[in-house]
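Asks: The following block contains the structure, expressed as structure tokens.
The values are calculated or read from the model by the stated rules, or taken from the named source; none is laboratory data. Remember, predicted model here, so these are calculated numbers, not experimental data. Quick reminder, even Gly has a Cβ in these numbers, built from the backbone with ideal geometry, and neighbours come from all protein chains shown. Quick note on the areas: whole protein, heavy atoms, side chains included, nothing else; ligands and nucleic acids left out. Shrake-Rupley method; radii C 1.70, N 1.55, O 1.52, S 1.80 Å.
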Amino acid sequence: MAGSRRQQIVEAARSILSEDPQSTLAVRTVAARAGIGASTLRHYFPTQQSLHEAIFAAALEDTPSEMRIHDTSTPARTRLRECLVQLLPPQQPISGAAADRILTALSTSFGSSSTDEARNAWGAYTLRTLDAIVGWLRVLAHQGVITDVDLRRRARFLLTVVEGIALTRIIPVTRPTSAEEEAILDDALSVVFRDTPA
């Protein structure tokens, strides 16, 4: 029962964030969405950070969608691009509570107070994402669109590019424009669609 109640709270919080990424996830708001009392929420998540960490871990458990990767009526580059873009955070500038949550999550995984659990969750997510990209590339290779050579290396390259774009969307520094992001992704796709990987 405890596990399902925790999941209920996390899903309620994620639902609120999907509607309003700037939400502060006030205890009463999340509790009301989950259909429980605020004291019950605090029993499972004594601090806001513990709730944010659980939301972050749940997000890392999501498996990327195959989207239209099998649809040969759509150009292969378009299909692969769509699959990669789903891995990126929202394009609009992230600020306030949303930025704080993301930076807290990154600090939880990699900062001085990081936990083995958080690092393992991030590592598992990275491997799942890498495997998903390899799978997308394998589909394209089976369709004869790309060569079936070094798929994991090419997947790692694409993941590195996507993670770089994602980081520029999250960290409050000078961000590339949408056109610049698209050009970067196009450059990466050009490497993948060469007959011989660079």
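Asks: Take the residues in segment 44-70 that are surrounded by 13 or more Cβ atoms within 10 Å (Cβ to Cβ) and of a type in the set (Asp, Glu), then tell me which one is modelled with the highest pLDDT.
Replies: The selected residue is Glu66.
Asks: Also, quick follow-up: Would you point out the residue of segment 151-182, among those that are out of contact with any Ser or Thr (no Cβ under 9 Å at 6 or more places or on another chain) and acidic (Asp, Glu), that is farthest from Ala132 (Cα to Cα)?
Replies: Among those that are out of contact with any Ser or Thr (no Cβ under 9 Å at 6 or more places or on another chain) and acidic (Asp, Glu), it is Glu180.
Asks: Also, quick follow-up: Could you list, in sequence order, the residues of segment 17-43 that are touching a residue at least 24 places away in the same chain (Cβ under 8 Å) and either open to solvent by 70 Å² or more (accessible area, probe 1.4 Å) or of a type in the set (S, T, N, Q) (or both)?
Replies: Gln22, Ser23, Thr24, Thr40
Asks: Taking only segment 109-157 into account, find how many residues are part of a helix (DSSP H, G or I), modelled with pLDDT under 85 and open to solvent by 40 Å² or more (accessible area, probe 1.4 Å).
Replies: 8
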